[in-house]
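The values are calculated or read from the model by the stated rules, or taken from the named source; none is laboratory data. The model shown is predicted, which means the values in this text are computed figures rather than measured ones. Cβ: placed from backbone, ideal geometry, glycine included. Neighbour counts: every protein chain shown. Side chains are part of the model used for accessible areas, which takes the heavy atoms of the whole protein and leaves out ligands, DNA and RNA. Shrake-Rupley method; radii C 1.70, N 1.55, O 1.52, S 1.80 Å.
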Amino acid sequence: MGHWTLDSIDWSRFDRARVSPDLLAVAKAAALVEANGRDYATYLANVFADDPDFRQAAARWAEEEVQHGDALARWSRLADPAWDFDAAVARFRAGYSLPLDATASVRGSRAGELIARCIVETGTSSYYSALAEASDEPVFAEICRRIAADEFRHYKLFYEHMRRYLQRERIGAVGRARIGLGRLLEAGDDELACAYFAANAPADARYDRRRWSRAYARRAYAVYRPAHVARGIAMALKAVGLPANGRLHAILWPLASRLIGWRARRLAAAGA
Ligand SMILES: [Fe+2]
Ligand SMILES: [Fe+2]
């Protein structure tokens, strides 16, 4: 339905001289995380076993996420023809996997699961918006713009289903905030560090979570500008049922923006 494909992208505009090694490294890691989309769909289909509407929407959503991975992988191979995507995916899967046999949400409830999904899409939409603006390479910028538009739509999709579930499962403001914050903190977790490692570490390197999560964060945090943080904080607040642009937003976003910038500079100074 008018959705883009890999053929929608004008690959002929690729400009090798404008590829940033740091953005290439995070693009490879993102390709691996996105490639896991179908596993998430399996997990969501188990958790929402008796909700065919949501399962169908989740299956379509997963295909879009997998396509994000395909587009990022194709661009990464254009920039670095020696990169072996399949080997990197295998390495990532060996180190990180989802609870595919779960039949209940790891968030404690279905509404909770959907709050967590909203937080993830908040993160991806702001991240790809920031990557698009940080990139001088036109094809990577175009891919990130298209992906960011999808991620904003994904947020909306999960948000609408979350509202439907919240009518049945009453979760108070504190409970929602706790789930949202919990998912936000997981962003520093194994998944991204492991993807960065699997995508970029030399073949004989050993996985060390602290080292690779710092290497990832140094490059990822560096792309955020205040506007991306402001929008992301507004989306996260809305997902947990708080006013998106109220007083809390006005307090939180400049703090978060400064914290991200400070951390990126510190990690760069430490040579992470
Ligand atoms: Fe995605
Ligand atoms: Fe998404």
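Within the stretch 25-48, restricting attention to residues that are more than 18 Å from Glu191 (Cα to Cα) and touching a helix residue (DSSP H, G or I) at 6+ places or on another chain (Cβ under 8 Å), the residue that is surrounded by the most Cβ atoms within 10 Å (Cβ to Cβ) is Val47.
The residues on offer are Asp70, Asp51, Asp101, Asp84, and the sole one that is modelled with pLDDT of 95 or more, more than 15 Å from ligand 2 (Cβ to nearest atom), open to solvent by 60 Å² or more (accessible area, probe 1.4 Å) and acidic (Asp, Glu) is Asp84.
Leu78 meets each of the listed conditions (1) more than 16 Å from ligand 2 (Cβ to nearest atom); (2) modelled with pLDDT under 95 apart from (2). Listed here are the helices (runs of 4 or more DSSP H) enclosed by the stretch 129-238 that have at least 3 residues being β-branched (Val, Ile, Thr), in contact with a helix residue (DSSP H, G or I) (Cβ under 7 Å, 6 or more places away or on another chain) and surrounded by fewer than 21 Cβ atoms within 10 Å (Cβ to Cβ), and there are none. Just checking, which of Arg110, Arg91, Arg164 is out of contact with any strand residue (DSSP E or B) (no Cβ under 6 Å at 6 or more places or on another chain), basic (Lys, Arg) and closer than 20 Å to Glu186 by Cα? The unique qualifying residue is Arg110. In this structure, is Gly175 of a type outside the set (A, V, I, L, M), more than 16 Å from ligand 1 (Cβ to nearest atom) and out of contact with any Asp or Glu (no Cβ under 9 Å at 6 or more places or on another chain)? For Gly175, the condition - of a type outside the set (A, V, I, L, M), more than 16 Å from ligand 1 (Cβ to nearest atom) and out of contact with any Asp or Glu (no Cβ under 9 Å at 6 or more places or on another chain) - is met. Here Ala195 clears all of (1) within 30 Å of Pro243 (Cβ to Cβ); (2) under 13 Å from the mean Cα position of the chain (by Cα) except the condition numbered (1).
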